[in-house]
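Let me begin by presenting the structure, written as structure tokens, before commenting on it.
The values are calculated or read from the model by the stated rules, or taken from the named source; none is laboratory data. Values in this document were obtained by computation on a predicted structure and should not be read as measured data. All Cβ positions, glycine included, derive from the backbone under ideal geometry; neighbour counts span all protein chains shown.
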Amino acid sequence: MPLWALVGGAAVIAVIGTYPYYGSNAYVLSLLGKFLCFAIFALSIDLIWGFTGILSLGQAVYFGIGAYFVALSLKINYAMTHPTRYGGNFPDFMEWNGLTELPGFMTPLISTPFAVLCALVVPTLLALLFGVITFKRHIYGVYCAVITLAESLILQDFIIEYQAYTGGFNGITDYSNYATPAFLWVILAVVVVFFVAARALTHSRVGTVLKSIRDKTCARNSWATTSPTTASSCSAPPRSWPRRPARSMPPGSGSSPSSTPGLCSRSRA
């Protein structure tokens with residue numbers, strides 16, 4: 001990474017991380033936390049679209065599912081200690097829609113650590129399932145984009161249809177004020193960790209495969225090759241190519257008379 005990028009990144013982190021010491025606006029503090037959350041979302045878009053070349057219009061589905069788990073947990077805990085205007089100890093939007101108590105399947109979300117775990121595991125499993133179904137059937141390009149768009153519309157309709165459990169159009173609001181300096185520092189640390197991990201991934205052999213999927217080179221097929229015979233299948237020209245007669249090379253030239261330019265020759269350590 002260039003020196004100017006390191007210095008600029010460190011300066012941005014310092015400005016955001018020290019805001020509680022030179023700023024006292026709680027609204028700005030909450031905005032900084034929101035922007036940092038969207039920065040993590042932008043990293044995922046950069047990985048799947050920028051490096052891999054797969055246009056996903058439903059990336060917000062998994063981001064939103066994780067956010068809903070945590071927001072529901074915070075809302076439930078806040079309602080338990082701050083009764084609503086109707087006197088209930090469960091989220092107000094559930095009362096508006098005729099529920100008289102917290103649904104049993106939402107009871108585990110009272111534990112915020114469990115909700116955070118669900119926010120990490122459930123979207124990951126759904127994305128894995130979608131990826132297996134889609135890419136095993138070789139669905140790429142515009143077809144993949146259309147399917148992911150439909151995926152986001154399905155989630156939107158689900159949230160609106162079951163508004164008694166999700167809040168509908170209004171979403172989940174009034175779950176106390178968690179915009180504290182500690183909250184900002186935790187999100188900032190998570191963003192830095194994810195950025196470093198994403199950069200390490202893109203500069204690894206796996207990152208080379210991701211970029212080769214985007215560029216459609218034969219490096220995708222020869223990744224992790226350890227056999228010289230298998231590697232030569234990538235560098236050798238197709239059998240249908242016309243073969244030129246071998247030319248005699250002057251002594252000491254260091255080249256084999258039968259050498260033929262490869263399709264994507266690469267150096268091996």
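Data for the structure
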quantity: Helices (runs of 4 or more DSSP H) wholly inside the stretch 14-122 containing at least 2 residues that are within 17 Å of the chain's Cα centre (by Cα) and either assigned by TED's automatic domain parsing to the domain that holds residue 212 or over 30 Å from residue 212 (Cβ atoms) (or both); calculated: 26-45, 59-81
quantity: Residue match in the stretch 78-96 (condition: modelled with pLDDT of 85 or more, closer than 30 Å to residue 147 by Cβ and either touching a helix residue (DSSP H, G or I) at 6+ places or on another chain (Cβ under 9 Å) or not basic (Lys, Arg) (or both)); calculated: no
quantity: Matching residues, the stretch 157-171, being assigned to a helix (DSSP H, G or I), touching a helix residue (DSSP H, G or I) at 6+ places or on another chain (Cβ under 9 Å) and not aromatic (Phe, Trp, Tyr); calculated: 159, 160, 161, 163, 164, 166, 168, 170
quantity: Every pair of residues 6+ apart whose Cβ atoms lie under 7 Å, when the first sits in the stretch 97-112 and is over 19 Å from residue 159 (Cα atoms) while the second is at pLDDT 85 or above and loosely packed, with under 14 Cβ neighbours inside 10 Å; calculated: 108/114
quantity: Boolean, residue 5 is at pLDDT 90 or above, more than 16 Å from residue 194 (Cβ to Cβ) and not β-branched (Val, Ile, Thr); calculated: no
quantity: Conditions (1) in contact with a Ser or Thr (Cβ under 8 Å, 6 or more places away or on another chain); (2) among the polar types (S, T, N, Q); (3) part of a loop (DSSP other than H, G, I, E, B): number failed by residue 148; calculated: (3)
quantity: Candidate set from the stretch 123-160 (those that are touching a residue at least 40 places away in the same chain (Cβ under 8 Å) and closer than 26 Å to residue 190 by Cα); member that is farthest from the chain's Cα centre (by Cα); calculated: 152
quantity: Residue selected from the stretch 112-147 under the condition touching a helix residue (DSSP H, G or I) at 6+ places or on another chain (Cβ under 8 Å) and among the β-branched types (Val, Ile, Thr), by the criterion nearest to residue 79 (Cα to Cα); calculated: 112
quantity: Search result, residues across the stretch 129-164 that are acidic (Asp, Glu) and either under 21 Å from residue 48 (Cα atoms) or surrounded by 14 or more Cβ atoms within 10 Å (Cβ to Cβ) (or both); calculated: 151
quantity: Hey, residue 217 over 15 Å from residue 48 (Cα atoms), modelled with pLDDT under 85 and surrounded by fewer than 15 Cβ atoms within 10 Å (Cβ to Cβ) or not; calculated: no
quantity: Any chance residue 33 is in contact with a helix residue (DSSP H, G or I) (Cβ under 6 Å, 6 or more places away or on another chain), of a type outside the set (Asp, Glu) and at pLDDT 85 or above; calculated: yes
quantity: Test for residue 189: is it of a type in the set (Gly, Ala, Ser) and under 22 Å from residue 30 (Cβ atoms); calculated: yes
